[in-house]
Each structure stands twice: as structure tokens, then as C-alpha cells.
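Have a look at the structure that comes next, please.
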Amino acid sequence: MLSDSGREGGLSGRAVRSSLQIREAASADIPFILEVERACSTAHWSEEQYRKSIDCVGGGPERLVLVAEIDDSLIPRTGVKNPGMLEPTQRGRDRLQSSDEIPTEVELGQGMLVAFLVARRVSEEWELENIAVSREFRRRGIGMQLLDALLALVQETKGGAVLLEVRESNMVARQLYEKSGFRETGRRKNYYADPVEDAVLYGKAIV
């Protein structure tokens, strides 16, 4: 669910943390989400699937799509090979700060999108379905901040737990989840294809 390897480049970890904003996705974000997802070893969704998840249509399960956005004015123009959409954007309200305090209303986003997360709610539990970071911005703590934002929202909505599954060999993702407090709960034998591999199940109870 997370491909977080890749070369060191772009912003420093401190610069990313200070300039990163996390907000709910809007329909205009879908081209970016598709671009990032296609470059990762994640479950590939169609444009229509993302549109239904963001617009909450079709009578399916409740879903949350978050995007991470960096202040466009702070992005260096050398050494960055098109890590997504370079143009400033104006997408959606309700941007979420990457902290425990979530504002109720903020200005429209005007930055470059560098990562996204998708989760769905089933009763009192949430399932993390996908998380991906643009190649040039990996290993900067962005995946951790997206997870923190999801956990804060689940807690605020009185969710009981967050569940996920990941390839057994994806140690970068597994280390991230474990650092965020997730614990291994089981396995699904030969769950993944190309190559065939077990899925490791993780869960975190929300207190």
C-alpha cells in the first residue's frame, strides 16, 4: 500500500514538515492521484472509482481521501523531475493541518500535491486502502503525517480501529505502520499476485 523507497532529493525533511498541509481531496485532484498511483506498486483504481470516493456518490461505503500539499513557493526548481503537478492549485476547502488540532475552515489550497491517502469506514472501523507519495518526495515523513491525519480524524469521529494489509516484502511500509503504532494481526496466504506473496494484516485500536 505504500512505496516509500526512492532517491534522496528535493526538500529537506524540516522544510517539508514546515510547509506541508493535509486536506480532503477534491475532484480536481484526481489526475494527480492517478499519476502518483501509476508510479507505485499499489492497487490501481480507475478514475471513476476515485471520483465516487471523493464525491461520495453511488451508495458505496463511506470513504475519506486526503492529499498532502506543499507550499509551491518553497519548492526548489533544480533537481526535481516533475513530481506530480507543478502548477499552483485551488482545490477544496477544509485543509487539515498536520498536527493534533484540525481547523474547521481554512483558505483554499495553493500548492503542489505530493501524496494521497484513501480509507473507508465499515461500521466503527476504518480500513486504509491506499497511501502513496510522489517519487521525488519520499523519505521525508510525508507518509507518516498522512497517517497521523487519518488517525486524528478517526479518533474525532469515534472510530474504534484502523486496519490495513501490506505485502510481506514491503519492509519500508511495514516499518512506517509499526512506527505509527500498528501491530501485526494476521496473514492472508498468497493474497497478492505478480509476484504471488502473502499479505500481512495490521491494526491499531483508537483509544
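Where a number appears in this text, it was derived from the coordinates with a stated rule and is not lab data. The structure presented is a predicted model; accordingly, all values stated were derived computationally and were not measured. Positions of Cβ are generated from backbone atoms using ideal geometry, with glycine treated the same way; all protein chains shown enter the neighbour counts.
Within 11 Å, Cβ to Cβ, of residue 46, how many net charges do the neighbouring residues add up to if Lys/Arg are +1 and Asp/Glu are -1? Write down the numbers at each step before the final one.
On the way: positive: 51, 52; negative: 37, 47, 48.
Charge balance near residue 46 sits at -1.
Separate question: Would you work out the relative contact order for the stretch 122-178, in percent, from Cα pairs under 8 angstrom that are 6 or more residues apart?
Working: 35 pairs, mean separation 27.5, N = 57.
Value for the stretch 122-178: 48 percent.
A further question follows. Report, by chain and number, residues whose modeled amide H sits under 5 Å from the one on residue 40, excluding near sequence neighbours (fewer than 5 apart, same chain).
It is none; the list stays empty.
How much net charge surrounds residue 121 when only the other residues with a Cβ under 10 Å from the Cβ of residue 121 are counted, with Lys and Arg +1 and Asp and Glu -1?
Numbers: positive: 63, 120; negative: 62, 124, 125, 127.
Net local charge, residue 121 excluded: -2.
Fewest Cβ neighbours within 10 Å first, please rank 207, 172, 133 accordingly. Present the calculation step by step, with values, prior to reporting the outcome.
Details: 207 5, 172 16, 133 26.
Starting with the residue having the fewest Cβ neighbours, the order is 207, 172, 133.
Kindly put 56, 40 in sequence by how many other C-beta atoms sit within 10 Å of each C-beta, fewest to most.
Details: 56 12, 40 20.
By the 10 Å Cβ count, ascending: 56, 40.
Among 168, 156, rank each residue by its count of other Cβ atoms within 10 Å, from fewest to most, as a rough exposure measure. Walk me through the numbers before you get to the answer.
Details: 168 14, 156 11.
Lowest to highest Cβ neighbour count: 156, 168.
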